[in-house]
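Chemist: Pasting a structure here, questions to come.
Just so it is clear, none of the values below were taken in a lab; they were calculated from the coordinates. Predicted, not measured: the structure shown is a model, and the values here were computed from it. Because the Cβ atoms are built from the backbone with ideal geometry, glycine has one as well, and the counts that use them run over all protein chains shown.
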Amino acid sequence: MVELMVAMAILLIALLPILGSMYGILYSHRILLDKEIAIGIARSIENILDSQEDFYTYDTSGTATKVVPIRDIWKEGEQYPIILHRNTTTVYSQRDYVIEIPTNNKIFYASAFAMKNPPVCDDISQDPCSSMVPNDYLYAVRIVVKWREMGKTSTFTVVRRFYKP
């Protein structure tokens, strides 16, 4: 009986590192799956933005809140949240900037921000650039996907340029 208990203790001691490494592998796999979902969401947001004729935001600077193209109000160095969807009313809602994507065990939140891009290189054959020219129709868009797991918020960010005539 003592020999059996000693053998079981040795077996348990040998199995603990194996079980620990299996947990680490499963945890890493879950993190990779979450990032894969976030990449898919970011691509979907890019497709939504590609299909829009322009990017819009709420202008709350006046007496009435109104939807305006970002290019009509943007200033150098500032970023503006892009309306990704509108609620059924015409009332301003902060939730219009965020899309919620529920999955099996968590909710992903996607949002996008437009920035006026810095001047573009006039001659791309030279490095470094010899002359910069402004481009009023180029947006730099930052797409942010967030999710929460085990009390920790994870973020995946993509920056992309869009040309809108």
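Chemist: On a 21 Å Cα-Cα criterion, which of the cross-link pairs LYS35/LYS146; LYS35/LYS152; LYS75/LYS146 come out too long?
Modeler: Exceeds cut-off: LYS75/LYS146.
Chemist: Still on this structure, I have one more. Suppose R0 equals 45 Å; then what is the FRET efficiency for LEU19 and ILE73 from their Cβ-Cβ distance, rounded to the nearest 0.05?
Modeler: Between LEU19 and ILE73 the formula returns 0.20.
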